[in-house]
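Written out below as structure tokens is the structure these notes cover.
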Amino acid sequence: MHAAPRAAPGALDQPARRAPDRPAWPRCCPHLIVTWISKTMSEPIVREAVAEPEIQGPRRQKRRSYEPGHSPKLLVLVDDLAECEKAIYYASRRAARMSGKVVLLRVIEPVYKDVEWLGVAEIVRGAAREEAEQLLAKYVDCAKAAANVIPETIIREGEPAHEIFDLVRKDEDIAVLVLAAGSTERGPGPLISDLARTAGTYPLPIAIVPAHLTEEELDALS
């Protein structure tokens with residue numbers, strides 16, 4: 001018989017190294033393993049839900065612009081830049097030719113919300129609305145001079161792209177969105193730049209009127 005190997009000096013005095021605690025696998029049938037695991041888990045597994053991306057823009061729906069009892073509308077987003085007059089000129093001439101209407105939309109971005117005092121915020125808000133009314137009155141005269149068209153005017157507060165979407169969704173007679181492109185020195189403007197990414201979500205055609213076109217050139221196009 002061979003003698004058992006002797007332990008090194010002091011080895012018996014050291015505590016045995018303990019393996020990490022873990023539940024022992026049961027010596028049972030394989031089909032019971034899953035049930036046993038679920039009972040030995042002290043905490044449930046929680047998976048964080050991933051939110052679905054928000055759909056931008058209104059749901060695509062059929063325009064009713066040319067149905068009986070309806071009339072096509074050209075929606076023009078306006079601001080205080082001179083290029084807007086070109087967009088209004090084009091929309092007015094086009095509406096007159098197609099027996100349609102023009103809608104002028106002025107969106108006030110609510111910068112007054114950053115004002116802490118309520119009374120001051122109301123003053124700023126009132127001044128912005130009065131300025132928008134004066135601007136629209138000026139552009140109404142432009143539409144009359146261009147094609148003897150009296151446009152509808154709308155003032156809204158919020159983010160321009162969102163307000164355009166909401167108005168188009170609620171008014172099914174709007175057939176075309178008309179925007180003015182800025183001059184090359186200032187660039188096309190943030191809304192026009194954003195259209196390169198979001199135009200596919202709009203439920204209607206978009207006409208972008210370049211600032212350099214003359215009235216004679218716009219007449220030939222409208």
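Before moving on, here are some points about what is shown:
Okay, residues lined up against (1) more than 20 Å from Lys101 (Cα to Cα); (2) at pLDDT below 90:
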position: Phe165; (1), (2): no, yes
position: Asp171; (1), (2): no, no
position: Leu179; (1), (2): no, no
position: Gly182; (1), (2): yes, yes
position: Ala196; (1), (2): yes, yes
position: Gly200; (1), (2): yes, yes
position: Ile208; (1), (2): no, no
position: Thr214; (1), (2): yes, no
position: Ala220; (1), (2): no, no
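- Criterion (among the small types (Gly, Ala, Ser), part of a helix (DSSP H, G or I) and modelled with pLDDT of 50 or more) met by exactly one of Ala82, Ala95: Ala95
- Against the conditions (1) among the small types (Gly, Ala, Ser); (2) at pLDDT below 95; (3) buried (at least 21 other Cβ atoms within 10 Å of the Cβ), Ala143 satisfies every one except (2).
- Single residue of the range 126-163 satisfying the filter (part of a strand (DSSP E or B) and of a type outside the set (Ser, Thr, Tyr)) that is farthest from Lys101 (Cα to Cα): Glu157
- Residues that are more than 25 Å from the chain's Cα centre (by Cα) and at pLDDT below 95 were ranked within the range 98-114; the one that is surrounded by the most Cβ atoms within 10 Å (Cβ to Cβ) is Met98.
- Filter pass, Arg169 being among the basic types (Lys, Arg) and either within 24 Å of Thr201 (Cβ to Cβ) or assigned to a loop (DSSP other than H, G, I, E, B) (or both): yes
- Lone qualifier among Ser71, Ser65 - being at pLDDT 90 or above, assigned to a loop (DSSP other than H, G, I, E, B), under 19 Å from Arg169 (Cα atoms) and touching a strand residue (DSSP E or B) at 6+ places or on another chain (Cβ under 7 Å): Ser71
- Scanning the range 60-88 for residues that are basic (Lys, Arg) and within 11 Å of Ala181 (Cα to Cα) yields one hit, Lys86.
The values are calculated or read from the model by the stated rules, or taken from the named source; none is laboratory data. Keep in mind that what you see is a predicted model, and the values were worked out from it rather than measured. Glycine also receives a Cβ, built like all others from the backbone with ideal geometry; neighbour counts cover every protein chain displayed.
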